Structures are given as C-alpha cells and as structure tokens.
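*Asks:* Provided herewith is a single structure, encoded as structure tokens, for subsequent inquiry.
The values are calculated or read from the model by the stated rules, or taken from the named source; none is laboratory data. Everything quoted here is computed from the prediction, not taken from an experiment. Don't worry about glycine lacking a Cβ; one is built from the backbone with ideal geometry, like all the others, and counts go over all protein chains shown.
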Amino acid sequence: MNSSSFIVLVSNEQLRGKTLAEQSQVLQWIEYGEREIIPTSATLVYPCMGIMQFNKQNNERAKDELKHILQLLNDYLRTRTYLVGERITLADIAVASDLLLLFQWVRNIKIYIFFNC
C-alpha cells in the first residue's frame, strides 16, 4: 500500500469527497501530483540539496514542466477556491504538499524558472 492509498483509507468523507465524482477527482489530483509535480520538483530541488547531480538538460526540461504545472493550476483555480468541490479535500492537501519542497528551496519561482539555483 502506498502513502496516497493510506491517506485515502484513513481520511473522512469530507476529505475524500462526498460523491463518487468528487472522490474520482480527488484521486486524479493525487495521481497528478505523484506523476507530474513530485518528479519535476525533485529534478529542480535535489541538485540544490546536493542529493542529485545537476544536469542542465534535465533542469531545463523540468523548468518548462514547472511552468506548465503552475499555469495549469493557476488556470484551474482562477474560478475555484478548491481543487475539488467547495471545501478542502485530500486533493488540495496532496498538491500543496507536493509543491512544498519546491517552494521551500526555491524562494522566488519566477526568477528560478529563468536562472539556476
């Protein structure tokens, strides 16, 4: 069992989503974070932390992907307060958590996108 399965299992109905449609959307956002946000964040942050060797080609690709991710989230949340429904869900918590390392290590995301750490 992975961590996202566990948090869904132990969370309440409000966090999981009240309807099957909301539950499906919550799982989609969790999966999006695991497949898109976390790898991009790791590619950008791990070299700054000394965990991974810096690779210019991977870094540039990750910067482009980060621009896409942040634009997607910005566009999606332009008319919404939460990712799913009208209250906070696991989707909001998961996506915020997935972005946390990036925002902790890269103080000004706009500047970082154009310059290296």
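*Asks:* Given (1) within 18 Å of Gly17 (Cα to Cα); (2) without any contact (Cβ under 8 Å) to a residue 40 or more places away in the chain; (3) outside any helix (DSSP H, G or I), identify the lone condition not met by Ala96.
*Replies:* For Ala96, the exception is condition (3).
*Asks:* A further question follows. Within segment 102-115, identify whether any single residue is at pLDDT 95 or above and assigned to a helix (DSSP H, G or I), and answer yes or no.
*Replies:* Scanning segment 102-115 turns up no residue that is at pLDDT 95 or above and assigned to a helix (DSSP H, G or I).
*Asks:* Within the bounds of segment 64-77, is there any residue that is of a type outside the set (Asp, Glu), surrounded by 14 or more Cβ atoms within 10 Å (Cβ to Cβ) and at pLDDT 95 or above?
*Replies:* Taking every residue of segment 64-77 in turn, at least one turns out to be of a type outside the set (Asp, Glu), surrounded by 14 or more Cβ atoms within 10 Å (Cβ to Cβ) and at pLDDT 95 or above.
*Asks:* Quickly run through segment 47-81 and pick out the residues that are within 14 Å of Ile37 (Cβ to Cβ) and either among the small types (Gly, Ala, Ser) or touching a residue at least 60 places away in the same chain (Cβ under 8 Å) (or both).
*Replies:* Ala62
*Asks:* Identify, please: which residue in segment 1-24 is outside any helix (DSSP H, G or I), modelled with pLDDT of 65 or more and not polar (S, T, N, Q) and is, among those, nearest to Leu83 (Cα to Cα)?
*Replies:* Gly17
*Asks:* Among Gln23, Gln53, Gln57, which is the only one that is surrounded by 15 or more Cβ atoms within 10 Å (Cβ to Cβ) and over 18 Å from Leu99 (Cβ atoms)?
*Replies:* Among Gln23, Gln53, Gln57, only Gln23 is surrounded by 15 or more Cβ atoms within 10 Å (Cβ to Cβ) and over 18 Å from Leu99 (Cβ atoms).
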